[in-house]
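Reading through the structure tokens given below for one structure.
Laboratory data are not the source of any read-out in this text; all were calculated from the coordinates shown. Model, not experiment: these values are computed from the prediction. FYI the Cβ positions are ideal-geometry reconstructions off the backbone, even for glycines, and counts take in every protein chain you see.
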Amino acid sequence: MTLPHDTVDLKMIYETMQHLAGKLETKLKREHVASYELVVMIRYHDWKTVTRHKSTMQPLRSWQEILNLAFSVFQANWSGEAVRLLGITLASFQAISESTKQLDLFSYQNDIQTEELVDLIDRINDQFGENTLLPATRLLNKKHSESPDSGC
């Protein structure tokens, strides 16, 4: 995604990555797959491009998981120069029915509750249309990006 102007503003970079992660989550759900590899691309104001890959043992399915990993890869590789373009790509796909997640002894109960909630949200969105239910943070970011004084 090409940014409207070169920026070093971490808030704008984070919000852009959040938007990209949301789009990727939608594609993953549509295809009923999970990803085990993430690629982050940073293009600077002078067109120098940095691309970094990160493989995971845990499947990437939600926008939060994608965003957290992508932003950490970005922060580890950002030179501090003005950014012109950001990209997140997923690879190494596996069908949801075949993907597995290593549960943590101390947080597996949370994973079980989250999985049930994610499945319910998916069923509602399938029945009533994509984006019927969204996390509030995605709605707020969408509202800000559509406001007339946002400059976008």
The simple spin-label model distance between R123 and T51, using points 7 Å out along Cα→Cβ, in nm, is 4.1
L3's amide H: which non-local residues (gap 5+, or another chain) put their own amide H closer than 5 Å, with H modeled 1.01 Å from N in plane and none for Pro or chain starts? L85, L86
Arranged from highest to lowest average of other beta-carbon atoms within 10 Å per residue, in what order do the peptides 44-56, 3-15 appear? 3-15, 44-56
Would you grab the residues whose amide H sits under 5 Å from the one on A82? Only those 5+ places off in sequence or on another chain, please, with H modelled 1.01 Å from N. H45
Number of Lys pairs in the stretch 1-97 with C-alpha atoms less than 25 angstrom apart, excluding same-chain neighbours closer than eight positions? 7
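So what's the projected area for the stretch 1-97, the Cα convex hull averaged over all directions, in nm²? Working shown, then result.
On the way: hull surface 22.9 nm².
For the Cα atoms of the stretch 1-97, the hull's average projected area reads 5.7 nm².
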Mind giving me the nanometre distance, one decimal, between the label points for L85 and N131, set 7 Å out from Cα along Cα→Cβ? 2.4
In whole Hz, what ³J(HN,Hα) sequence does the stretch 6-19 give by Karplus (6.51, -1.76, 1.60; θ = phi - 60°), x for Gly and Pro? 4, 8, 10, 6, 4, 5, 5, 4, 4, 5, 5, 5, 5, 4
